[in-house]
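Heads up, the thing below is written out as structure tokens.
The values are calculated or read from the model by the stated rules, or taken from the named source; none is laboratory data. Just so we're clear, the structure is a prediction, and the values are computed from it rather than from any experiment. Here the Cβ positions follow ideal geometry from the backbone for every residue, glycine too, while neighbour counts run over all protein chains shown. Protein only, heavy atoms only, side chains kept; ligands, DNA and RNA dropped before computing areas. Shrake-Rupley method; radii C 1.70, N 1.55, O 1.52, S 1.80 Å.
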Amino acid sequence: MAAAPLQPVAAEASEEDRAGQAAFDRIIADDSRIEPTDWMPEAYRKTLTRQISQHAHSEIIGMQPEANWITRAPSLKRKSILMAKVQDEAGHGLYLYSAAETLGTPRDVLNQQLLDGKAKYSSIFNYPARSWADMGAIGWLVDGAAIANQVPLCRASYGPYGRAMVRICKEESFHQRQGFEILLELSHGTPEQKKMAQDAVNRFYAPALMMFGPPDDDSPNSKQSMAWNIKRFSNDELRQRFVGMIAEQVKVLGLTLPDPELRFDEETGKWIHMELDWQEFKDVIAGRGPCNAQRLERRREAHANGAWVREAARAYAQKAGQRKMQKAGAA
Amino acid sequence: MSNQPMGNQTNIWPLWEVFVRSSRGLSHVHAGSLHAPDAEMALRNARDLYTRRNEGVSIWVVPSEAITASDPDAKGSFFESPQGKDYRHATYYTKSEGVKHL
Amino acid sequence: MNAAPTPSHPARTDHSLDSFGDAAASATRVTPGNALRPEDIAIQTERPSDDVAQYALRLGDDSLVLAQRLGEWISRGPEIEEDIALGNIALDLLGHARSFLTYAGHAWGKSEDDLAYWRDEEEFRSAWIFEQPNGDFGVTIARQLVVAVYQCLLYARLVGSADSTIAAISAKALKEVDYHRDHAIQWTLRLGDGTDESHRRMQAALELMWPYVDELFDDDELVERVGEAGVRPSTLRAEFDAEIAAVLDEATLTLPAVPRARGGGRRGEHTEHLGYLLAEMQVLARKHPGATW
């Protein structure tokens, strides 16, 4: 959709658009920030609305696999940590929706796109969280990959997006650590616990690597996003950087990564990992993952069950507003 | 080309902008926005959303639609006038350089 | 009487403020704060008497069971903002539960997790209202209203407990349940005086919850034995009734006239709901005896 290079200004474009485009190009060239009321190309607005709202949806859907273990967390300390983390994710979803809304699409519209199955979100959350160790693997690998993706986004050219990412990255730092520590505790625990930890890492490794998106030669939107200073590094660059980090960290855990091909290539200075199953990635994105239906159903149910509550609060606000006005009128 | 953001008519709860004072002696700083049915709930939602880690000692919420922003297209005439008025800055006065407590 | 537990951490002051005035203004500056934590209570060596421990156990169980219930809401709230609000309340309650259970456990050489995960249903001392299912949002708010008003009155008195640990935990808890009370009242007003449907649902929710109100205010022998360390719950009733009446009146709701349920949570006799709640909460921990997490 946004594959077109920096949008050529059509011949019939107004003087205002031409001036707007010139100002926009200058801001991007200076690596400065675009703010909500600035003129921006329609494709830029659309790309960002899509990307930020997908990101927000991912946070909201991402609450579910972890919420699945809040009631069963094996210690009260872990229960508190997990609850705080899932709550943070709700917060991150809101920061992002709030950034997306500055581009002009109301949150209710974005939410409806999610409920209608028209919006995408990170495919990783369509995998089930089967064991407690998955809370560790999700924190370490999934949040780890998310952070690797998000840190460069703090410098995204769209101001509200960058600011939301700064806030999110600050808060996420505890998420990855708590996941790592869950795995550390398990791998030093009983043999069953260690097995549980290894199994979780085995299941989440490849999906976590796929979180960086398709390989560079199959990522049509990347170039434009980089030209707009939304994206700063390519999918493959970020992926190999991440795999290098976890290759070291896994040793501290006393676990292994399920990747026989993983090695550091001295010549290129890059990490080489196994071939990923991109067909599976596409299938899961397209709705054929293990939990897609379940995740969306939960969202729809919460939204439908909350309708009378949202309506009540709105009605009350109107009544209260009227009462206030009457009072003011009577005075 | 429709370049103006659309209105928020379809949101069931209106949008509020949140400003947080991080500690005494500092200004309230814009933290972000949220949805709430009314001002009382907006304040409470802001407390839960933007001060989960002791980020604030005071919160303001303002209906987003109540904010009047300067016109971005008028940037030149609006903000460029102070440029060139170097004499408003201490660095303009070089002859007194090196004089203490000045 | 015990020495008041002091936080084990030195006062955590923020040294990041290396510039002054608005140069340091930020909407994201974070600090952990200085409040009393369950970990601080865990390292204190004072042992409560068996009676005081039993009393702390009640307080802890009430909060634990309710936190577990509220945890079920997460990702299911009527709006994302409300997911966060309910999560905050659950986290507060879980914190209170951990502190009280940790303290109670000192009497018997048990940890908060020993008490939370390895006691059976009949060993829990929570009152019935805490284990009642979430129902719709109105039912949850009705339960919150009763509990938060009750806990506010209770902790306000326990701040003066002759047992300094109970007093210290209550002082921290009081500020938090005061906010829970405000949250519950705000929603009671909005649901009661919102739409016809919300009014009907909220009234029905009150009717559903009211049989469990009286048990909260039952005095018993343990309360007599702990004396000044605790609070005779019956002495909180008048204030509770007055406050609830005022809220319901403003919310255009009616005080339910329904018979009380028998109660018995303080003796370990529970409704059918607690068994399932505990089965879910304890399943993983019990599968791995002796494991740490």
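If you go through the stretch C:219-230 one residue at a time, do you hit one that is within 20 Å of A:Arg310 (Cα to Cα) and more than 22 Å from the chain's Cα centre (by Cα)? Before you say what the answer is, go through the steps one by one.
To start, the set of residues in the stretch C:219-230 that are within 20 Å of A:Arg310 (Cα to Cα) comprises none.
No - not one qualifying residue is present in the stretch C:219-230.
So, in the stretch A:10-38, of the ones that are open to solvent by 30 Å² or more (accessible area, probe 1.4 Å), closer than 19 Å to B:Asp71 by Cα and in a loop (DSSP other than H, G, I, E, B), which residue ends up nearest to the other protein chains (Cβ to nearest Cβ)?
A:Thr37
Restricting the search to the stretch B:22-53, which residues are among the hydroxyl-bearing types (Ser, Thr, Tyr) and open to solvent by less than 10 Å² (accessible area, probe 1.4 Å)?
Correct list: B:Ser22, B:Ser33, B:Tyr50.
Restricting to the stretch C:235-254, count the residues that are open to solvent by less than 20 Å² (accessible area, probe 1.4 Å) and either within 16 Å of C:Met209 (Cα to Cα) or in a helix (DSSP H, G or I) (or both). Give the derivation first.
Filtering the stretch C:235-254 for residues open to solvent by less than 20 Å² (accessible area, probe 1.4 Å) gives C:236, C:240, C:244, C:247-248, C:251, C:253.
Those still in the list that are either within 16 Å of C:Met209 (Cα to Cα) or in a helix (DSSP H, G or I) (or both) too: C:236, C:240, C:244, C:247-248, C:253.
So the count comes out to 6.
Which of the numbered conditions does A:Leu183 fail, given that it passes all the others? Conditions: (1) assigned to a helix (DSSP H, G or I); (2) open to solvent by 10 Å² or more (accessible area, probe 1.4 Å).
Result: A:Leu183 fails condition (2) only.
Given the options C:Ala261, C:Ala257, name the one that is open to solvent by less than 70 Å² (accessible area, probe 1.4 Å) and part of a loop (DSSP other than H, G, I, E, B).
Working: C:Ala257 fails: open to solvent by less than 70 Å² (accessible area, probe 1.4 Å).
None of the others qualify; the one that does is C:Ala261.
Can you tell me which residue among C:Asp220, C:Asp193 is farther than 15 Å from C:Leu145 by Cα, crowded, with 17+ Cβ neighbours inside 10 Å and acidic (Asp, Glu)?
Numbers: C:Asp220 fails: crowded, with 17+ Cβ neighbours inside 10 Å.
Unique residue meeting the criteria: C:Asp193.
Evaluate the following for A:Asp134: is it open to solvent by less than 30 Å² (accessible area, probe 1.4 Å), assigned to a helix (DSSP H, G or I), modelled with pLDDT of 95 or more and within 26 Å of A:Leu276 (Cα to Cα)?
It is true that A:Asp134 is open to solvent by less than 30 Å² (accessible area, probe 1.4 Å), assigned to a helix (DSSP H, G or I), modelled with pLDDT of 95 or more and within 26 Å of A:Leu276 (Cα to Cα).
Could you please give the count of residues in the stretch A:310-324 that are over 16 Å from C:Gly77 (Cα atoms), facing chain C (nearest Cβ under 9 Å) and of a type in the set (Lys, Arg)?
Going through the stretch A:310-324 one residue at a time, the tally reaches 2.
Hey, among B:Arg47, B:Arg53, which residue is within 18 Å of A:Ala164 (Cα to Cα) and in a loop (DSSP other than H, G, I, E, B)?
Result of the check over B:Arg47, B:Arg53: B:Arg53.
One residue is enough: does the stretch A:55-71 have a residue meeting the conditions open to solvent by 10 Å² or more (accessible area, probe 1.4 Å), more than 10 Å from chain C (Cβ to nearest Cβ) and at pLDDT 95 or above?
So far as the stretch A:55-71 goes, yes, one or more of its residues are open to solvent by 10 Å² or more (accessible area, probe 1.4 Å), more than 10 Å from chain C (Cβ to nearest Cβ) and at pLDDT 95 or above.
If A:Arg299 passes every condition in (1) charged (D, E, K, R); (2) surrounded by fewer than 17 Cβ atoms within 10 Å (Cβ to Cβ); (3) touching a Leu at 6+ places or on another chain (Cβ under 7 Å) but one, which one does it miss?
(2)
What residue, of A:Lys79, A:Lys85, is out of contact with any Asp or Glu (no Cβ under 9 Å at 6 or more places or on another chain) and either in a loop (DSSP other than H, G, I, E, B) or buried (at least 22 other Cβ atoms within 10 Å of the Cβ) (or both)?
Numbers: A:Lys85 fails: out of contact with any Asp or Glu (no Cβ under 9 Å at 6 or more places or on another chain).
Exactly one residue qualifies, and that residue is A:Lys79.
So which residues in the stretch A:86-118 are in contact with a Leu (Cβ under 7 Å, 6 or more places away or on another chain) and of a type in the set (Gly, Ala, Ser), if there are any at all?
A:Gly91, A:Ser98, A:Ala100, A:Gly117
Residue-by-condition table, conditions (1) assigned to a helix (DSSP H, G or I); (2) within 14 Å of chain B (Cβ to nearest Cβ):
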{"position": "A:Pro74", "(1), (2)": "no, no"}
{"position": "A:Glu89", "(1), (2)": "yes, yes"}
{"position": "A:Tyr97", "(1), (2)": "yes, yes"}
{"position": "A:Gln113", "(1), (2)": "yes, yes"}
{"position": "A:Ile147", "(1), (2)": "yes, no"}
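Looking at (1) within 14 Å of chain A (Cβ to nearest Cβ); (2) of a type outside the set (D, E, K, R); (3) more than 28 Å from C:Gly268 (Cα to Cα), can you tell me which one C:Ala246 breaks?
Here C:Ala246 clears every test but (1).
Which residue pairs have Cβ atoms closer than 9 Å, lie 6 or more positions apart in sequence or on different chains, and pair a first residue in the stretch A:231-244 that is more than 17 Å from A:Cys154 (Cα to Cα) and touching a residue at least 12 places away in the same chain (Cβ under 8 Å) with a second residue that is assigned to a helix (DSSP H, G or I) and of a type in the set (S, T, N, Q)?
From residues that are more than 17 Å from A:Cys154 (Cα to Cα) and touching a residue at least 12 places away in the same chain (Cβ under 8 Å), the pairs are A:Phe242/A:Asn149.
If we keep just the residues of the stretch C:123-139 that are open to solvent by less than 10 Å² (accessible area, probe 1.4 Å) and small (Gly, Ala, Ser), which is nearest to C:Arg262 (Cα to Cα)?
Among those that are open to solvent by less than 10 Å² (accessible area, probe 1.4 Å) and small (Gly, Ala, Ser), it is C:Ala127.
If we scan the stretch A:122-129, do we find a residue that is touching a helix residue (DSSP H, G or I) at 6+ places or on another chain (Cβ under 8 Å) and over 26 Å from A:Ala286 (Cα atoms)? So that I can check it myself, show each step before the final result.
Kept after step one, since they are touching a helix residue (DSSP H, G or I) at 6+ places or on another chain (Cβ under 8 Å), are these residues of the stretch A:122-129: A:122-129.
Right, trim to over 26 Å from A:Ala286 (Cα atoms) and you get none.
No, the stretch A:122-129 contains no residue that is touching a helix residue (DSSP H, G or I) at 6+ places or on another chain (Cβ under 8 Å) and over 26 Å from A:Ala286 (Cα atoms).
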